[in-house]
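These notes are about the structure you will find just below.
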Number of protein chains: 2
Amino acid sequence: MTEPTASPAPPLSTTPRTTLGRKRDRAGTDRASLHEVLDAALICHLGLVLDGHPQVLPTGYGRDGEVLYLHGSSGARSMLAAGAEPEVCVTVTLLDAVVYSRTLNDHSMNYRSAVIYGRPRLVTDPAQKEHGLRVISEHLAPGSWDHARVPNGKELAAVTVLALPLDEASVKARTGPPTDDPAELSSRAWAGLLPLHQQWGTPVPAPDLAADVPAPPHITERRI
Amino acid sequence: MTEPTASPAPPLSTTPRTTLGRKRDRAGTDRASLHEVLDAALICHLGLVLDGHPQVLPTGYGRDGEVLYLHGSSGARSMLAAGAEPEVCVTVTLLDAVVYSRTLNDHSMNYRSAVIYGRPRLVTDPAQKEHGLRVISEHLAPGSWDHARVPNGKELAAVTVLALPLDEASVKARTGPPTDDPAELSSRAWAGLLPLHQQWGTPVPAPDLAADVPAPPHITERRI
């Protein structure tokens with residue numbers, strides 16, 4: 001994702017709820033780690049309070065500098081509710097490994113996660129809306145904006161785009177090997193990490209695609 | 001996950017919020033699809049309302065029949081709040097492919113997701129708590145319960161386990177190729193799926209593991 005040309009790089013928020021209550025050593029302390037997590041994941045989970053009830057839906061997004069754009073094509077009801085600018089909590093999680101320890105109690109996961117709180121703004125200006133959609137598109141399907149047909153006026157009008165500033169956020173991660181108590185080291189149980197990888201498979205052409213249309217490099221060479 | 005011996009298999013809830021407002025063809029209609037999504041994913045996103053604000057945190061879980069057990073080792077504050085049995089929304093999402101279409105507007109994702117609403121019960125009985133932990137452990141690290149040291153009384157007392165019945169749930173999925181409007185089929189843009197796969201890497205022994213302790217088959221032969 002592109003960085004704004006004159007963006008400040010403020011520290012992450014230190015409001016009480018974004019200051020971790022436990023395992024503070026797992027807290028990322030700078031914007032770079034927030035950006036890294038947001039750019040590495042593909043989808044977020046958008047939480048909001050709907051008629052007093054919690055609701056969490058998976059949603060596409062993209063980051064442009066210190067703004068997260070959220071897409072309204074799924075979770076339509078939530079997005080409409082969010083259009084009234086209620087508070088949301090957006091969480092992004094990457095699972096990196098299962099941590100096997102000598103004890104069940106110290107089994108864990110290596111992961112990176114980001115949590116963002118805020119009141120997203122409903123983007124209504126057509127040019128800004130197109131920009132937000134492009135940012136989301138370049139996150140989900142980089143290269144597609146310059147390859148496929150861009151949204152026309154009617155399509156642009158039908159979609160909901162939300163802009164959430166990255167003002168109040170926290171980053172949390174666990175990395176490294178299991179940490180067994182010295183008293184457990186005589187165990188014969190195996191301890192270590194089982195890494196979890198994501199990778200793209202082979203592109204599958206649509207049944208109605210002409211045989212002479214090749215998959216372009218932005219798809220065949222896409223890497224996680 | 002094991003099935004209860006005398007479990008009914010009721011239809012999924014049809015309360016308004018679990019009856020999809022759009023794209024009804026994407027709604028799974030039976031418990032088997034709910035179980036399949038829950039068993040295939042590794043983590044969930046737990047949403048609740050904390051002091052009036054939405055909060056969404058990634059959390060480990062496991063399913064036993066029609067009960068989802070949630071683990072309290074991460075998201076401690078949320079779990080304590082949840083211990084008071086407020087309503088939660090638990091969402092599980094599996095991303096299967098990016099759907100490339102001839103138009104940006106029809107770009108999409110193939111995915112499976114489950115959403116469960118309810119008021120989780122704080123599990124306090126030690127035997128039930130141990131059972132819930134075992135279910136969570138077998139989901140995250142199948143085979144570990146019979147390999148590593150099980151929780152002792154002190155460890156059991158320190159952990160929080162929640163039990164959420166699968167009474168009100170919905171399942172949603174998108175599968176299959178892109179669906180372009182016939183008017184777009186003359187496009188030379190590529191259309192199709194780019195599948196996304198998860199796979200386990202090679203186990204990495206802990207630095208303090210004795211050289212003669214091999215990784216056991218439940219780890220080396222683990223499959224997604």
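Brief remarks on what is shown
- Taking all Cα pairs closer than 8 Å and separated by 6 or more residues, the relative contact order of segment A:100-200 comes to 51 percent.
- The radius of gyration of the Cα set in segment A:16-220, together with its Dmax, comes out at 20.6, 68 angstrom.
- Inter-chain Cβ neighbour average for residues B:124-137, partner chain, 10 Å: 1
- Across segment A:16-220, Cα pairs under 8 Å and at least six residues apart give a relative contact order of 26 percent.
- Magnitude of the charge dipole, segment A:16-220, Cβ model with Lys/Arg +1 and Asp/Glu -1, debye to 20: 440
No lab work stands behind these numbers, since they all come straight from the coordinates. Fair warning: this is a prediction, and the values are worked out from it, not measured in the lab. Note: ideal-geometry Cβ built from the backbone for every residue, glycine included; neighbour counts use all protein chains shown.
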